[in-house]
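**Q** Take a look at this one; I'll ask things after.
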Amino acid sequence: MKKMTLYSLSLISAFAATSAFATEAPTPPVGEKNQAEKKLNENDTNNDGFISRDEWRTKGDQVFGEIDTDKDGKLSKDERKSHHEKKRAEWKERREDRREKMGKMKEKMSERAADKAAPTESH
């Protein structure tokens, strides 16, 4: 009987703890959007909610132009490699920024959980 009561209490405690964290999900920093939505909006030049073939080609031409540094209309192995290295550096920086933001959000969540778990003093 005692084991069943202890088991039930531990289950209830675990459920309460996880639901407390689930209800207080951190909000993303102001001004940040879902990346997919952001990319759609950037490439949807006529704002119809879709990316047409022409819009797709326009973006492709833009990217090709960024990679083709000598503007000869061809992508050399060196141009592709250089572009890839540049993008890797950008991705690394964004990844580090996201890790930093996630660390801050985790700290806030821990602080909130600690504040809720701390016994309140009554006067």
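All of the numbers you see were taken from the coordinates with simple rules; none came from a lab. Keep in mind that what you see is a predicted model, and the values were worked out from it rather than measured. Backbone-built Cβ (ideal geometry, glycine too); neighbour counts: all protein chains shown.
**Q** So which chymotrypsin sites (Phe, Trp or Tyr not before Pro) in the stretch 45-123 pass both tests, a DSSP loop state and at most 11 other Cβ atoms within 10 Å of the Cβ?
**A** When the chymotrypsin sites (Phe, Trp or Tyr not before Pro) of the stretch 45-123 are filtered for loop state and at most 11 Cβ neighbours within 10 Å, 50 remain.
**Q** Follow-up. Using the structure shown, list the pairs from 38/74; 38/87; 39/92; 59/87; 71/92; 38/71 with a Cα-Cα distance above 26 Å, or answer none.
**A** 38/74; 71/92; 38/71
**Q** So, R0 is 25 Å and r is the distance between the beta-carbons of residue 68 and residue 91; what FRET efficiency does that work out to, to 0.05?
**A** 0.75
**Q** Restricting attention to the stretch 70-123, which trypsin sites (Lys or Arg not before Pro) occupy a DSSP loop and are surrounded by at most 14 other Cβ atoms within 10 Å?
**A** Of the trypsin sites (Lys or Arg not before Pro), the ones in loops of the stretch 70-123 whose Cβ has at most 14 other Cβ atoms within 10 Å are 71, 74.
**Q** Next up: Looking at 82, 47, 105, which one has the Cα that reaches farthest to the positive end of the dipole of the stretch 45-123 (charges on Cβ: Lys, Arg +1; Asp, Glu -1)?
**A** My answer, from the dipole projection, is 105.
**Q** Report the calculated FRET efficiency for residue 75 and residue 45 (r = Cβ-Cβ distance, R0 = 35 Å), to the nearest 0.05.
**A** Working from the Cβ atoms, E equals 0.90.
**Q** Size of the dipole of the stretch 46-123 about the Cα centre, Lys and Arg at +1 and Asp and Glu at -1 on the beta carbon, nothing else charged, in debye to 20?
**A** So the dipole magnitude of the stretch 46-123 works out to roughly 360 debye.
**Q** Mind checking which lysines have their C-alpha under 24 Å from residue 116, skipping anything on the same chain fewer than 8 residues away?
**A** By straight Cα distance, residue 116 reaches 101, 104, 106, 108.
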